[in-house]
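The values are calculated or read from the model by the stated rules, or taken from the named source; none is laboratory data. Here the structure is a predicted model, which is why all the values come from computation and not from measurement. With ideal geometry, Cβ positions are generated from the backbone for all residues, glycine too; neighbour counts draw on all protein chains shown. Quick note on the areas: whole protein, heavy atoms, side chains included, nothing else; ligands and nucleic acids left out. Shrake-Rupley method; radii C 1.70, N 1.55, O 1.52, S 1.80 Å.
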Amino acid sequence: MDHPRYPRPLGLDPLAYGGDYNPEQWPEEVWAEDVRLMREAGVTMVSVGIFSWALLEPERGQYEFGWLDRLLDLLHAHGIRADLATPTVVPPAWFYRDHPDALPVTREGTRYAFGSRGAICHSSPAYQHAAATITEQLARRYGTHPAVALWHVHNEYGVPVSDCYCDESAAHFRRWLGERYGTLKELNSAWGTAFWGQRYTRWDDIQPPRLTPTAGNPAQQLDYARFTNDAVLANFKRERDLLHRLAPGIPVTTNFMTALSQCQSMDYWAWGREVDLVANDHYLVAEDPRSQINLAMAADLTRSVAGGRPWLLLEHSTGAVNWQPRNLVKRPGELARNSLAHVARGSEGAMFFQWRASRSGAEKFHSAMLPHAGTSSRIWREVVALGQELGKLAEIRDSLVQTDAAMLWDWESWWAQRLEWRPSVDLDARERAEAWYTASWDAHLTVDFAHPEAELSRYPLVVAPALYLTTEAAARNLRQYVENGGTLVVSCFSGIVDEHDTVHPGPHPGALREVLGLTVEEFAPLRAGAAVRLEGDGQPPLRAEAWTEFVRPEGAETLWHYADGPTAGGPAVTRHALGSGRAWYVSARLDGDGLARVLRAAAAEAGLPERRLPHDLEVVERVGEHGRYLFAVNHGAAAADLPLAGPGTELLTGADVRDVLAVPAGETRVVRY
Ligand code: GAL
C-alpha cells in the first residue's frame, strides 16, 4: 500500500483541538461569545457546515453563503482553523420533493422518510448530481479562504444506513456484477446457484438480496455488501476529486467510525487508501467498565488503515452521549484520558461532537464542550484544562506509534461470517477480535491491525482472531510469513471459505491446513452456557465456551487437549513448526484468561518482552524527529509507577524524570526522552 505522507490540516501547527460547530442553530450575537470561549479553551480548529445544505441552498440553485462567509471570517480573525464540510449527508426537503426515489429502501421494501439525516440512496443519479453541485459551489467559493484547513466530506459514510434495495440500486448492482464477473456463467459459478435452483439466465433477473422466505444466497449477500461499500465510496471519491480539482492544496478527509460496534458496512482498508488524511469518530460504550480498551482498539484500527501514519480524532464526546440506552457521564478526568489515549495511538489532536450543546433537535441531551450548564461546569473546566495540555504536546506531531505485533482483520470476512446459518450463533468475529485485542491490551502489547494479504514480515507475532473467509492469496501470505520465521496464532473457524463463501476443497480449514499442520474433521459447538476444560502438560487448565472442534494433527504438536465435552481427548491448542517459524491453532472459543495465557506464551516464543506493568496502566510509545514520547495513561484508582529506560522530561508538568515515572490515579503523563 502506498500511503502519502500525513498531510496536516493546512496551516495548523498545534494539535487539532475543537469540535463540530453548528452556529446556524444560534443567533449571530452568540458567535462572538463562541469564538471568545474557543480562544479561552485553546480551540485550534472547528468542523463547520456538516448539516448546512438546506441553509446554504434553501431552494434548488438559490444560494445563501453570506452567513458562512461571515463565520469563516470570524474564525479566521480569531486564529481558529476551519474543517469545512460538504453538507451532503442531509439533502434538503426540496431535493426529496423532486426526487422521492432518492430515499433509500430497506430489504423489506419500506422507503425511509425525510426528517432525520443520512437518508440517501447512494446509487441515485439525482443525489449524486445535487451533491456534486453543492460541493462545487463550496469549493469555488472557499477554496482560497484563509480559514479553511481541511475538507470534511459528508459525515460518517456508512451510518445510519448504507445499503439500499430500490430498483435504481438493483440496476447499479447488476452493472457492478457485470464488471466483476463478465458473464452469467462466471456469476452462477461464483454464487453456487446450482444450489436450490437459483441459476440465472438473464442479468435482469438478478436482484439485490431483498427479503426472502428463508436464508438467502450467501455469495449474493456478500457481493451486495461489497457493492454497497463501493457505491458509497464512489460518492466520496466524486466529491474528493472535485475538491482536489477546484480547491487544490487543501487536504480532504471524511470521518470514519472504525469501532466495530459503530459502523459495520464500510471496508476501511479501501477507504484508508482514498482519503488524504484518515480521520475517525469514536464514542465510548458507556456501560462498559473497561471502555478504554474499545477506544484503544478503534484508535489502533484507525492508525492501521492510515498505513501507520498519524491520523485525526474528529469526534468523541466530552461527557454522556444521548443515543445509548443509559447515557452515563464520564468520570472526572476521563475526558482527558480518552483524548490523550487517542493521541498516544497516533491521533494528531482531539476533536468533539460538539462545541455548544443544542437546544433543539434530536441531540439536545448530548454533551458538548460548552454544555447547557455553561462555563460554570465541570465539563468546561476539563475542556479548558485539556486545551492547555494539548498545547504542550505540539512537538509530538508526525511521530509514529511503535508496535509489537499485528492482528489480522478483514471486513469482508466479518460480513461473510455473520450471514445466517452458521454452525453456532455464539461464535462471532467481532467478539473474537475484541477478545484477542483485550488480551493484547492486558499484556501491554501495542498492536497494528493488518489485512490478511498485507506484508507482515516486520511483525514477530501475528494473530488471526477470526478469519472465516481466507483467500488463496491470504493463505499463501500467511504460509510465507511462518516459513520465514514468524509466529502465527490462528483462532477457531478460520480458513474455511473463499471470497465467494464457498468452502475450500478438502477438509477444513482448507486455506490453512498446511500452515497449521492439521485438519478439522467436525465443528462441535456447545450448548448455550456450557463450558469445557482444556489440559496441557504441566499447565494449569484453560476454559472454553460455545465452540470446540475435532482436530486431527498432521504435523502439529498438541499443547492443550480437551479434557471433557464432545471432543474430549482430542487436541485443542496446537503448534506447527514450518520453515523457521511456528503456527499455533486455538480450536476453541477460549475465555479471557485462557486467551491471555495462550497469547502470552506465543508472544514469548516470538521473542516479545514480557511487560510486567500495573494492570490498568496503558503505555504507548511514539517516535519522531524530536525524540521518543512515552505516553502513560493510568486508568486505575491507584497511582502507578512506570520504570523508564533513561532520563527525560515530562511534557505536561515540565518535570525532569529519571528511572521511574509516577503516574497519579486517573492521570496521563507524556515523557520525551
Ligand atoms: C456522530 C455524528 C455526529 C453526532 C454524534 C453524536 O456519529 O457524526 O453528528 O450525531 O454522533 O454522538
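Details
- Cβ crowding within 10 Å averaged over residues, with 103-111, 390-398 ranked highest first: 390-398, 103-111
- Put the Cα centre of the stretch 47-88 next to the Cα centre of the stretch 364-407 and the gap is 25 Å.
- Cross-link reach is defined here as a Cα-Cα straight distance under 27 Å, omitting same-chain residues fewer than 8 places apart; for LYS392 the lysines meeting it are LYS330.
- In terms of overall dimensions, the C-alpha atoms belonging to the stretch 457-577 reach 36, 33, 23 Å along their principal axes, ordered largest to smallest.
- Charging the Cβ of each Asp and Glu at -1 and of each Lys and Arg at +1, and nothing else, the dipole of the chain about its Cα centre rounds to 380 debye.
- The stretch 297-340-the stretch 184-231 distance, computed between alpha-carbon centres (Å): 38 Å
- Per residue accessible area of the stretch 381-440, 1.4 Å probe, in Å²: 36 Å²
- Placing a pseudo-label 7 Å from each Cα along the Cα-to-Cβ vector at ARG458 and ARG359 gives an inter-label distance of 5.2 nm.
- Each peptide in 414-424, 174-184 was scored by the mean count of other Cβ atoms within 10 Å over its residues; highest first, the order is 414-424, 174-184.
- Where Rh is the Kirkwood radius over Cα pairs, Rg/Rh for the stretch 199-343: 1.07
- Within straight-line cross-link reach of LYS364, aspartates and glutamates at Cα separation under 16 Å, skipping those fewer than 8 residues along the same chain: ASP20, GLU24
- Distance from the Cα centroid of the stretch 582-661 to that of the stretch 501-580 is 30 Å (rounded to whole angstrom).
- Surface analysis of the stretch 133-275 yields an accessible area of 39 Å² per residue, using protein heavy atoms and a 1.4 Å probe.
- Ligands, DNA and RNA left out, the 1.4 Å accessible surface of the chain is 49% carbon and sulfur atoms.
- Value of Rg to Rh for the chain (Rh from inverse mean 1/r over Cα pairs, i.e. Kirkwood): 0.98
- The gain in end-to-end length when the GLU605 to ASP591 segment is fully stretched comes to 2.9 nm, 0.36 nm per residue minus the alpha carbon separation.
- Solvent-accessible surface of the stretch 1-84, averaged per residue with a 1.4 angstrom probe and all protein chains in place: 42 square angstrom.
- Per-peptide average of other Cβ atoms within 10 Å, ordering 226-238, 355-367, 291-303 highest first: 291-303, 226-238, 355-367
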